[in-house]
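Here the structure comes first, spelled out in structure tokens, and everything after it is commentary.
The values are calculated or read from the model by the stated rules, or taken from the named source; none is laboratory data. As the structure is a prediction and not an experimental result, all values here were calculated from the model. No Cβ is skipped: glycine too gets one built from the backbone with ideal geometry, and neighbour counts run over all protein chains shown.
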Amino acid sequence: MFNQLLEFRNQKLLVQALSNKIHETEYFQKTGKLYQYGNNEEFSIDGQQLIEFYFYDYMLLQGFPNQQSQFKKPSDIIQLRQRLINDKYLSEIATLLNLQNLVSVGNQKSLKNNPKVLSDCLKSVIGAHYYDKQNDLEVLRDLIHPIIAQLLNKGQEIGLKKWKYNPKSSFLEFLNQYKGQLGINPKLTIEWKKDDTILNQNNSYYQITLELNSNFQIQKIGINKRETEQNVYQEALVYLRKLNIKKNERQKTFQKQTDIKQIQVESELSTSLNSTINNQNLSLYSFTEYNDDKQNLDFDQQINLILEKLAFE
């Protein structure tokens, strides 16, 4: 089905694409000479970029995104691409090409079936074709589109809600939304360890630690790197949401206390002003009454004086 991927004009490029870094290192240690074909690390990077490019190219040719499908926005296609282009699915395609029997890994024979090694090998073969086909993008499209179709067949097995939800993306989006408000400075550490009690072909597992701050970190172990990492980010997202809820509750409580104090201050000020105004009114009233009495007294005295004057005339 994918046999054309192994058809090279320049066979040296194919040999290099099938040569893992481990093989090159062991060759130098044994012979003291550089391995003439080098290793496939740079080809692997090229292959990753080509797969991502032609994934979107394939979807565009199929008429996506459009509002009548489940892929309504470009971001929907990107999320699907992130979900499908991984070591697990690429290594399965590599197995169909029998790359586990072709890849060179020195004496580390157990690595021939390692998903990461096989995935890198497939990407390296694709990357090497870019140079073998002299940068002809049309020829590369014919080579890579069948791989994209195979990946999309895998995508049909994944429910829409499942692939659209990405805990890592949701975590980073939430963190960016409240940037600087939660006191979070995440640091991710990924370790690959071996343990004879782990029942897989390499007796290995991933230990992934996400340090959120100096007081809190999340650590999980698992055989599948992606799933373990997503589980870590899922738990971290739950923690952030709880932290944000507590922060909002504290702010509401503080605001409520501030409002109560403000009301009390305003009430005391109002009472003080009313008292002052009332006292001033009383004083004014008393003063006015006093003046009226004085005016009345003067008037009576004047009348009496007039009457007395008339009486003696």
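Of all residues in the range 224-237, exactly one satisfies the criterion of being among the hydrophobic types (A, V, I, L, M, F, W, C) and at pLDDT below 85, namely L237. On the basis of being within 20 Å of N3 (Cβ to Cβ) and either at pLDDT 90 or above or surrounded by fewer than 18 Cβ atoms within 10 Å (Cβ to Cβ) (or both), does N98 make the cut? So N98 fits the description; yes.
When the test is whether a residue is assigned to a helix (DSSP H, G or I), of a type in the set (S, T, Y) and modelled with pLDDT of 65 or more, T276 does not pass it. Within the range 205-256, the residues that satisfy the criterion of being surrounded by 15 or more Cβ atoms within 10 Å (Cβ to Cβ) and basic (K, R) are K220, K225, R226.
Answer yes if at least one residue in the range 214-222 is within 31 Å of the chain's Cα centre (by Cα), modelled with pLDDT of 75 or more, of a type in the set (D, E, K, R) and closer than 30 Å to L118 by Cα, and no otherwise.
Going residue by residue through the range 214-222, those that are within 31 Å of the chain's Cα centre (by Cα) are 214-222.
After this cut, where a residue has to be modelled with pLDDT of 75 or more as well, the list is 214-222.
In the following step, the residues that additionally are of a type in the set (D, E, K, R) were identified as 220.
After this cut, where a residue has to be closer than 30 Å to L118 by Cα as well, the list is 220.
Scanning the range 214-222 turns up at least one residue that is within 31 Å of the chain's Cα centre (by Cα), modelled with pLDDT of 75 or more, of a type in the set (D, E, K, R) and closer than 30 Å to L118 by Cα.
Which one is surrounded by the fewest Cβ atoms within 10 Å (Cβ to Cβ) among residues in the range 32-52 that are part of a loop (DSSP other than H, G, I, E, B) and of a type in the set (S, T, N, Q)? Looking at residues that are part of a loop (DSSP other than H, G, I, E, B) and of a type in the set (S, T, N, Q), I get Q36. Restricted to the range 30-54, and to residues that are over 18 Å from Q150 (Cα atoms) and among the aromatic types (F, W, Y), which residue is farthest from the chain's Cα centre (by Cα)? That would be Y35. Taking the conditions (1) touching a helix residue (DSSP H, G or I) at 6+ places or on another chain (Cβ under 8 Å); (2) at pLDDT 95 or above; (3) surrounded by 14 or more Cβ atoms within 10 Å (Cβ to Cβ) in turn, H23 satisfies each one other than (1). Listed conditions (1) at pLDDT below 85; (2) assigned to a loop (DSSP other than H, G, I, E, B) are all met by W163, apart from (2). Of all the listed residues (D87, D76), the sole one being crowded, with 17+ Cβ neighbours inside 10 Å, under 29 Å from the mean Cα position of the chain (by Cα) and under 18 Å from K112 (Cβ atoms) is D87.
If I ask for residues that are in a helix (DSSP H, G or I), touching a Phe, Trp or Tyr at 6+ places or on another chain (Cβ under 8 Å) and small (G, A, S), which ones from the range 104-125 would you list? Full working, then the answer.
Our first condition is that a residue be in a helix (DSSP H, G or I); within the range 104-125, this holds for 109-113, 115-125.
Applying the additional criterion that residues be touching a Phe, Trp or Tyr at 6+ places or on another chain (Cβ under 8 Å) yields 123-125.
S124 - this is the single residue of the range 104-125 that is in a helix (DSSP H, G or I), touching a Phe, Trp or Tyr at 6+ places or on another chain (Cβ under 8 Å) and small (G, A, S).
Return the total of residues in the range 101-116 being under 19 Å from Y37 (Cβ atoms), touching a residue at least 12 places away in the same chain (Cβ under 8 Å) and surrounded by fewer than 24 Cβ atoms within 10 Å (Cβ to Cβ). Spell out the reasoning first.
If we filter the range 101-116 for residues that are under 19 Å from Y37 (Cβ atoms), which is where we start, we get 101-108, 111-112.
This time we only want the ones that are touching a residue at least 12 places away in the same chain (Cβ under 8 Å), so: 102-108, 111-112.
Now drop any that are not surrounded by fewer than 24 Cβ atoms within 10 Å (Cβ to Cβ), which leaves 102, 104-108, 111-112.
The total comes to 8.
Has the range 55-76 got any residue that is more than 22 Å from Q150 (Cβ to Cβ), in a helix (DSSP H, G or I) and in contact (Cβ under 8 Å) with a residue 24 or more places away in the chain? No, the range 55-76 contains no residue that is more than 22 Å from Q150 (Cβ to Cβ), in a helix (DSSP H, G or I) and in contact (Cβ under 8 Å) with a residue 24 or more places away in the chain.
Here is a check on your reading of the model: is L60 modelled with pLDDT under 95, within 35 Å of the chain's Cα centre (by Cα) and surrounded by fewer than 14 Cβ atoms within 10 Å (Cβ to Cβ)? Outline the logic, then answer.
Numbers: modelled with pLDDT under 95: yes; within 35 Å of the chain's Cα centre (by Cα): yes; surrounded by fewer than 14 Cβ atoms within 10 Å (Cβ to Cβ): yes.
Yes: the conditions hold for L60.
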